[in-house]
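The values are calculated or read from the model by the stated rules, or taken from the named source; none is laboratory data. These numbers come from a predicted model, not from an experiment. Virtual Cβ from ideal backbone geometry, glycine too; neighbours counted across all protein chains shown. These accessible areas exclude ligands, DNA and RNA; they are computed on the full protein's heavy atoms, side chains included. Shrake-Rupley method; radii C 1.70, N 1.55, O 1.52, S 1.80 Å.
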Amino acid sequence: MNFSFIPRLFVCLLLYATAQAQALTAEQALAMAAGETDDRVAAVQQAVVEPSERTAAFLQALADDAVKVADGKALIVRDDKGMDPVTGAEVPVPADAEDIINNNRMRGEIDTALAGLALFGKDEAKRMAAAKALTKEPDAGRLPLLDKALAQETNGKIKTQLELARAATLLGSDDAAQRIAAAQALSLSATPDTRLLLNERVTVEEDTKVKAALQAALKAIDGQLAWGERLGAAFSGISLGSILLLVALGLAITYGLMGVINMAHGELMMIGAYATYVVQGIFQKYFPGAFDWYLVAALPLAFGASAAVGAVLERGVLRFLYGRPLETLLATWGISLVLMQLVRTIFGAQNVGVENPSWMSGGVQVLSNLTLPYNRLVIIGFAIAVLLGMGYLIGRTRLGLFVRGVTQNRPIASCMGVNTARIDTMAFALGSGIAGLAGCALSQVGNVGPDLGQSYIVDAFMVVVLGGVGQLAGTVYAALGLGILNKFLEGWAGAVLAKIAVLVFIIIFIQKRPQGIFAVKGRTAD
């Protein structure tokens, strides 16, 4: 055996490895860093055709604004230390080194180039993300890069995405046959990005055969995306319905059972939302490590704060006005103005920010065009939990029995030894506390400000009246029905017309059925 072969083989491997590590040349680095934008873009596209670690590191430095030019050479400068982008060796940074400025076009090109280089990394998630990024921004100059990535990709899903990226690139080809084949390939990808890509292409396409292929692909994609849009509208309606249900549940007690036209109900929700904001601030300052659990601590505080204000309102004002609905309306309206001004004085007139905990951020993707946000899913579950809790409290507990007895026949309940004044206070505090819980939930999906309650008070009354005053089941049906109807009409006629249509529907419905969906039966209805 010729042992001299082994050292020579080792030297060859070493030279090959060195050549791979130093695929970037000084001329390429300078061309990417300095000169006209068109020339720099061309240099970047040329560099990524033969990817290497040095090229990726230099492009990342360009993206980080960590490149300077001095003496006709490009240098990477981080923490005041210079580095040769070709060899990686530390070099001195001349005093007259000039910073590199990247415009928006150049930054976009660098980001896309980095995504292209990620196609050759070991992380499959990054390779998939890079393939999707190249599909959104097709460029004929990256075709060799995609072909190279396709040739060595082993993951089937990533390979499919790379083929879509290649088809998206070929949509701009000069060959009509290639454009038709690309349109047919893209028709299998039912995503909004693909539809946008095809729509852009069909507007400039002049060849009738290619245009027909593009339109056929668009029709196929629209058909596949339609289900996602329908399900998305249904989910949005259920989400809105759950919010309306939370808002109306408290009013179902104070107005539905007690007969108090509480115009301050929205402000009681606002107090719950601000209580959540205060708890968030406490956790941010004193318990940053447990910030994800601040919402759990905020729930009892939001309930307690609104319930306490409600109890004071009932004991201080409303108990003198029972049986006089017009006076309660005016009194609670005035109190709502006082509460709003009080909040403005304490927290300011501007909206305050309430963050989602990390476990409520993001969403689960069901279809390519349908993602269900975690915060909405949590609120739907929370509304169901509050509904079940309230149903149990009213229907199964001693307090609920007393509330029902007092609201149905106050004199008889009093004769039976029930302290009706105390029950009134507790019932009103319960309805107010539930309003506080609604405010806590609303803080996770919208702005928190002094006018928060004004946006929901009309909807809350509509839900209670439509469902049937004092009917918990009617409140549930009315909230979900109005939420879903509103969202479907929004997609058809726009937000304003949808609101008007819903209002007209409720007026007509109440004219035909004054006691709502679920009418009270028996002597109570008299």
Per-residue [θ]222 nm for the chain (sum of -39500 (n - 2.57) over DSSP H runs n ≥ 4, rounded to 500): -22000 deg cm²/dmol
Under unit Cβ charges (Lys, Arg +1; Asp, Glu -1), what dipole magnitude, rounded to 20 debye, does the chain have relative to its Cα centre? 3120 debye
Listed residue pairs exceeding 24 Å between alpha carbons, taken from Lys126/Lys157; Lys126/Lys285; Lys122/Lys157; Lys136/Lys211: Lys126/Lys285
Compute the distribution of all C-alpha to C-alpha distances in the range 421-485, in bins of 5 Å from 0, and list the percent of pairs in each, rounded to whole numbers. 4, 15, 18, 25, 22, 12, 4, 1, 0
Take the range 157-287, drop everything but the C-alpha atoms, weight them equally and run the Debye formula without solvent; then report log10 I(q)/I(0) at 0.11, 0.13, 0.17 Å⁻¹ to two decimals. -0.64, -0.68, -0.89
Anchor Lys499: lysines whose Cα lies under 17 Å away (excluding residues fewer than 8 positions away in-chain): Lys487
Quick check on the range 373-526: take the gyration tensor over C-alpha atoms, sort the square-rooted eigenvalues as a ≥ b ≥ c, and tell me if it's rounded (a/c under 1.5), prolate or oblate. oblate
Could you tell me which residue out of Gln341, Gly141, Ser187 lies farthest along the dipole of the chain toward its positive end? Charges go on the beta carbon: Lys and Arg +1, Asp and Glu -1, centred on the Cα centre. Gln341
Using a/c under 1.5 as the rounded threshold, could you call the range 308-423 rounded, prolate or oblate? The axes a ≥ b ≥ c are square roots of the C-alpha gyration tensor eigenvalues, and prolate needs a/b larger than b/c, oblate otherwise. oblate
Between 0 and 90 degrees, rounded to the nearest ten: what's the tilt of helix 420-442 against the longest Cα principal axis of the chain? 10 degrees
Using all alpha carbons of the chain, what is the percent of pairwise distances in each 10 Å bin, ordered from the shortest bin to the longest? 4, 14, 18, 16, 15, 13, 10, 7, 3, 1, 0, 0
Per-residue accessible area, 1.4 Å probe, largest first, puts Arg230, Arg376 in the order Arg230, Arg376
Quick one: compute the contact order of the range 46-179, relative version, from alpha carbon pairs under 8 angstrom and 6+ residues apart, as a percent. 18 percent
What list of whole percents do you get for P(r) of the range 94-239, with Cα-Cα distances grouped in 10 Å bins up to the one holding the largest distance? 11, 34, 30, 18, 5, 2, 0
Straight-distance crosslink candidates among lysines, where the alpha carbon sits under 17 Å from Lys73 and sequence neighbours closer than 8 are dropped: Lys81
